[in-house]
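Notes follow once the structure below has been shown.
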Amino acid sequence: MSGLDALLNASIDAVKKSGALENNAFMATVSVVNSNGTVDVIRAGDTFPSVRVLSGYLNPAVGDSVELLRSAGGWVCVGQIMTGNAPRIQSGTYSQTATTAGVWSSNMTVTFPKPFASIPVVVITPNAGGPGEATTNGIQVQCTSVSATSMAARHLRGNTGSSTFGWVATTF
């Protein structure tokens with residue numbers, strides 16, 4: 001190595017060590033979710049403990065890929081980075097028949113079009129099947145179990161017949 005190369009390499013090392021070129025943002029992996037609302041993250045073998053989390057990152061989990069930003073108060077975790085093609089929100093409809101008035105129908109399995117990365121929150125609502133159906137027939141609906149791939153639902157109505165339901169499922 002020539003004297004010029006050695007001088008150049010020493011200069012580059014000095015700038016790197018000075019922090020002058022330090023990154024203000026980078027990706028990392030959550031290693032610990034702390035009880036005080038912070039997370040510990042790991043990047044390239046370095047651990048960043050007790051990183052504050054922005055309010056939009058609702059459910060931090062170990063293994064999440066996250067984005068960190070440097071702020072005046074230190075590092076801040078902006079939130080999870082989507083690393084797969086799992087959906088965040090899906091919706092659909094299904095129909096179900098009540099064979100006995102005033103009795104809960106059997107559970108019906110509704111399979112999501114694409115699996116979620118985690119168990120979603122589901123909201124179901126009856127679609128009006130005719131004048132006054134939702135009020136005079138007293139339709140109630142329950143989601144009895146939810147997984148990342150499907151949900152089971154049932155309903156109760158004041159008379160017999162078929163009802164159509166709309167659903168929305170989302171992860172945060």
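Restricting segment 3-38 to residues that are in a loop (DSSP other than H, G, I, E, B) and surrounded by 11 or more Cβ atoms within 10 Å (Cβ to Cβ), the residue that is modelled with the lowest pLDDT is GLY37.
Only residues that are among the small types (Gly, Ala, Ser), exposed (fewer than 12 other Cβ atoms within 10 Å of the Cβ) and touching a residue at least 60 places away in the same chain (Cβ under 8 Å): list them for segment 58-97, please. Within segment 58-97, SER95 is the sole residue that qualifies.
Restricting attention to segment 39-57 and to residues that are hydroxyl-bearing (Ser, Thr, Tyr) and within 16 Å of THR171 (Cα to Cα), the residue that is surrounded by the fewest Cβ atoms within 10 Å (Cβ to Cβ) turns out to be SER55.
Out of the residues in segment 141-166 that are within 21 Å of LEU58 (Cβ to Cβ) and in a strand (DSSP E or B), which is modelled with the lowest pLDDT? Top of the filtered list is CYS143.
The values are calculated or read from the model by the stated rules, or taken from the named source; none is laboratory data. Since this is a predicted model, take the numbers as computed values, not measurements. Because the Cβ atoms are built from the backbone with ideal geometry, glycine has one as well, and the counts that use them run over all protein chains shown.
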